[in-house]
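To start, the structure itself, in structure tokens.
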Amino acid sequence: MTTDLDQLRTDLLGSIEAATALDAIEAVRVSTLGKQGSVTGLLKTLGGMSPEERQQTGPRIHALREAVSEALGARKASLEAEALNAKLASETLDMTLPVDGVPAGSVHPVSQVMDELAEIFADLGFAVATGPEIEDDWHNFSALNIPETHPARAMHDTFYLAGDHATPMVLRTHTSPVQIRAMKAAGGNKPVRIIAPGRTYRSDSDATHTPMFHQVEGLVIDKGITLGHLKWTLETFLKAFFERDDIVLRLRPSYFPFTEPSAEVDIGFTVINGKRVIGGDPTKGEGGWMEVLGSGMVHSKVIEAGGFDPNEWQGFAFGCGIDRLAMLKYGMDDLRAFFDGDLRWLKHYGFSALDVPTLSGGVGA
Ligand code: DAH
């Protein structure tokens, strides 16, 4: 028995040492310490031994079980370490290699100009107001004194929403309905001073028109407001926007249903090296005038539709194409490219989000 146990121990430890894979180790474990294993079998024989025999052999069998169990654990650990080392050796990472740069997005010129507008008008005490792009025809037309027969109401100019609606719904054709919403929000008894930049829609498409475009609306409602306030505000705004003090404006009498009187505003340009530049004396050389916005004193019917008493309150309003402002300031010449989503265009004309040239000097700086 003694020599048998010694022999068995030598054999088992040998086969454990010889195992080169984790499943071989597992096989040895099952064949020795498993339910039907050889060492387990030996332990079971203890019950049938005489006390003397058990006293002599018992400790040796237990020692064998202990030795086998330890050897299995040690061999398993060393095989696992080997496997890990092999994996580490084959999966090297060069931490010094340069990574591919994360592509940086850019701020679209329209967003840039909207930020500039908000900043300039904030300095003048204007808040930014918003309204829905899907608008009802009362806010978009009727409340703005646009009669049923006005061509702007025709299907070929305006996108109407299909389906049955209590009141016809349109994609707003201008930002002017925000005038009504801002007045209503003010409750008819306190001044309003807002700009409303945003998307607008018309059934139109060529080099200078896209079905979606951007406008900014301006509205002031207060007591004692005159055309002089309008002119000063527009002049101050355009000088700050184009960052030039020598901007000249011309107010041309015009007609809009929602203003009376109405004026179209032209901005003077000069020609330098064959290029039109905003500012300077438009009466010199090849200089001239360019229309930039529509404006006027808010019509009494519109003031009323906004919930204000037109006998007490007056105001001025203006509306301006943002895309065109961006083109004039930053020098793009095709409006359609604004909305093509061509990354090369965006890279060229876009602004860095972290390096936006702000007008932090503000108005009057
Ligand atoms: N809503 C006009 C348009 O889209 C622009 C406009 C003109 C707005 C005169 C105004 C204004 O507020 O006073 O053509």
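Where a number appears in this text, it was derived from the coordinates with a stated rule and is not lab data. Just so it is clear, the model here is predicted, and its values are computed rather than measured. No Cβ is skipped: glycine too gets one built from the backbone with ideal geometry, and neighbour counts run over all protein chains shown.
Here the contact order of the stretch 2-90, divided by its residue count and restricted to Cα pairs under 8 Å and six or more residues apart, works out to 37 percent.
Which longest run of the chain has no exposed loop site in it, a site being trypsin sites (Lys or Arg not before Pro) in a DSSP loop with at most 16 other beta carbons within 10 Å, and the site itself not part of the run? Write down the numbers at each step before the final one.
Working: sites that count: LYS35, LYS223, ARG244, LYS284.
Excluding the exposed sites themselves, the longest stretch runs over 36-222.
Using C-alpha pairs under 8 Å with a sequence gap of at least 6, the mean separation divided by the residue count of the chain gives a relative contact order of 16 percent. Shape of the stretch 28-161 from the C-alpha gyration tensor: prolate (a/c of 1.5 or more and a/b above b/c, with a ≥ b ≥ c the square roots of its eigenvalues).
On a full-extension model of 0.36 nm per residue, what is the gain between ALA89 and ALA104, subtracting their alpha-carbon distance, rounded to one decimal in nm? Don't skip to the end; give the middle numbers.
Numbers: separation 15, 0.36 × 15 = 5.40 nm, distance 3.56 nm.
Once the chain is fully extended between ALA89 and ALA104, it gains 1.8 nm.
Working note: Karplus 6.51/-1.76/1.60 with θ = phi - 60° gives the stretch 306-316 the couplings x, x, 10, 8, x, 6, 10, 10, 10, x, 10 Hz, where Gly and Pro are set to x. Rounded to the nearest 500, the helix-only mean residue ellipticity at 222 nm of the chain stands at -12500 deg cm²/dmol, with each DSSP H run of n ≥ 4 adding -39,500 (n - 2.57).
Here's how it looks for PHE316: its modeled amide H is under 5 Å from those of VAL220, VAL298, which are all 5 or more places away or on a different chain. For GluC sites (Glu not before Pro), the sites in the stretch 69-125 that DSSP calls loop and that have at most 16 other Cβ atoms within 10 Å are GLU91. Note on the stretch 2-90: the alpha carbon radius of gyration divided by the globular reference 2.2 N^0.38 Å gives 1.29. Between ASP281 and GLN56, the contour length at 0.36 nm per residue exceeds the alpha carbon distance by 69.0 nm.
Using R0 = 30 Å, the C-beta based FRET efficiency linking ALA162 and ASP115 works out to 0.30. Counting other Cβ atoms within 10 Å as a rough exposure proxy, the listed residues VAL110, VAL192 run VAL110, VAL192 from fewest neighbours to most. By the gyration tensor of its Cα atoms, with a ≥ b ≥ c the square roots of the eigenvalues, what is the shape of the stretch 108-351: rounded for a/c under 1.5, prolate for a/b over b/c, or oblate? Oblate is the answer for the stretch 108-351, as a/c is 1.5 or above yet b/c matches or exceeds a/b. Find how many whole Å separate the alpha carbon centroid of the stretch 3-24 from the alpha carbon centroid of the stretch 292-311. After rounding, the separation between the Cα centres reads 100 Å. The relative contact order of the stretch 127-194, computed from alpha carbon pairs under 8 Å that lie at least 6 residues apart in sequence, is 44 percent.
For the residues GLN179, GLN55, GLN314, a GNM of the chain with alpha-carbon springs under 10 Å puts the largest fluctuation on GLN55.
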